[in-house]
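Here's the structure we're looking at; comments come further down.
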Amino acid sequence: MKAQILRSYGAKPDFAAADVPMPELKPGHVLIRVAATSVNPVDIKMRTLAPPFAPKLPAVMGMDVAGVVEAVGEGVTAFKSGDEVFGCPGGIADLPGALTEYMLADARLLAPKPARLSMAEAAALPLVTITAWEALFDRARLKPGQHALIHAGTGGVGHVAVQLAKAHCARVATTVSSPDKAKLAASLGADDIINYREEGVDSYVARLTAGRGFDMVFDTVGGATLDASFQAAALYGTVVSTNTRSSHDLSQLHAKGLTLSVVFMLLPLVTGQGRERHGEIMALAAALAEVGELRPVLAERRFHFEEIAKAQQYLESGKAVGKVVLEIR
Ligand SMILES: NC(=O)c1ccc[n+]([C@@H]2O[C@H](COP(=O)([O-])OP(=O)(O)OC[C@H]3O[C@@H](n4cnc5c(N)ncnc54)[C@H](OP(=O)(O)O)[C@@H]3O)[C@@H](O)[C@H]2O)c1
């Protein structure tokens, strides 16, 4: 079968088309005829930095997938041949990715694809939705009526988090960098928009919370933004981060009795532990998508699998607003 393979790690996206063997069906797994995948920042990090969890070369990348079940392995009862599915089952460590015709996937990591979404739309959701869901509900235990600050409300993770928090009846403030992105964030349901280039944390905490702070802050940016997140949290509040490989002064956590949680959604893929939860989250998210409460925003430019280098460069350029998706020809 045809696949796009990464031939070397580095700044240059070194992909080429290749013929690779069809995967052999395993117990507990399904074989997916792939229709679409999407690009995530972790793909760029794996390609350029080759962390220990990067797939070995030559690598088939692509963590998200939407497609049709071709065959099911022994013990799989949740799916049958012909079912449309989506999930985030590979493209990392020793798990093959989606940039190929057929992908072998652990059935625990998948859910039925929402009929309301196209294959491209469904492929935009899994990684970012699992991340946002774990942050808001599994870590912060967000409650209806709570006041949440979600950083980067038009980013991949952020734009899903805004919608999930609103579907859960929270009040949502979000940070963006331009008036156009402010409009997009409002269309996703955000109650209050902060242009972080024009307004600092003291000002928006005073303006939006009367100085009290937010019950929860979901930080999808990290670095200096994480310090601002500690500052923006209310007494006994919770800060959840997706990016905590950095050094910080924790005295604000102490002073306000804050909880800091970290989401690292790759762990079930890399360790094999906790995979059922990813499938559950995908099913819960699919139900929201089916009733129109969760919709992915897709970037203006669309790609086919053989254009993976261009698709990764588009995400790296910072010019894409919404998820960068690729469809098979
Ligand atoms: N740990 C995990 O499990 C996990 C899972 C998913 C993602 N991540 C990480 O989380 C980060 C976000 O992922 P993503 O998929 O959402 O990426 P993305 O689609 O590239 O979005 C990043 C967003 O951040 C915004 N941004 C940049 N600087 C900002 C700032 N100072 N304040 C507020 N917003 C800012 C960008 O828009 P503007 O430049 O217009 O503001 C952009 O919308 C990446 O580092 C990714 O690797 C981690």
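The values are calculated or read from the model by the stated rules, or taken from the named source; none is laboratory data. Not measured: the values here are computed from a predicted model. All Cβ positions, even for glycine, are placed from backbone atoms using ideal geometry, and neighbour counts span all protein chains on display. Calculation scope for accessible area: heavy atoms of the full protein, side chains included, ligands and nucleic acids excluded. Shrake-Rupley method; radii C 1.70, N 1.55, O 1.52, S 1.80 Å.
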Can you pull out every residue in segment 218-230 that is open to solvent by less than 30 Å² (accessible area, probe 1.4 Å) and either more than 10 Å from the ligand (Cβ to nearest atom) or assigned to a helix (DSSP H, G or I) (or both)? F218, L226, A228, S229, F230
Are there any pairs, at least 6 apart or on different chains, whose C-beta atoms fall under 7 Å, with the first in segment 300-329 and of a type in the set (S, T, N, Q) and the second in a loop (DSSP other than H, G, I, E, B), and if so, which? Q312/P13; Q313/P13
Test L127 against the stated conditions and say whether it is within 16 Å of the ligand (Cβ to nearest atom) and closer than 30 Å to I194 by Cβ. yes
Can you name every residue in segment 240-253 that is within 16 Å of the ligand (Cβ to nearest atom) and surrounded by fewer than 10 Cβ atoms within 10 Å (Cβ to Cβ)? R245
Is it the case that some residue within segment 95-107 is assigned to a helix (DSSP H, G or I), more than 18 Å from the chain's Cα centre (by Cα) and at pLDDT 95 or above? yes
Which residue, of D215, D202, is buried (at least 16 other Cβ atoms within 10 Å of the Cβ), more than 15 Å from the ligand (Cβ to nearest atom) and either part of a strand (DSSP E or B) or acidic (D, E) (or both)? D215
Which ranges mark the strands (runs of 3 or more DSSP E) fully within segment 134-199 that have 2 or more residues being buried (at least 24 other Cβ atoms within 10 Å of the Cβ)? 147-150, 171-176
Per the filter on segment 81-120, residues aliphatic (A, V, I, L, M) and within 22 Å of R329 (Cβ to Cβ) are V85, A98, L99, M103, L104, A105, L117, M119, A120
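Results for (1) within 13 Å of the ligand (Cβ to nearest atom); (2) part of a helix (DSSP H, G or I); (3) open to solvent by 10 Å² or more (accessible area, probe 1.4 Å), shown as yes or no for each residue.
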residue	(1), (2), (3)
T238	no, no, yes
A255	no, yes, yes
Q273	no, no, yes
E280	no, yes, yes
A289	no, yes, no
E293	no, no, yes
Pairs, please: C-beta under 9 Å, at least 6 apart or cross-chain, first residue open to solvent by 30 Å² or more (accessible area, probe 1.4 Å) and in segment 46-74, second of a type in the set (K, R) and assigned to a loop (DSSP other than H, G, I, E, B)? V72/K80; E74/K26
May I ask you to verify whether R108 is surrounded by fewer than 20 Cβ atoms within 10 Å (Cβ to Cβ), outside the structural domain of R171 (by TED's automatic domain parsing) and on the phi < 0 side of the Ramachandran plot? no
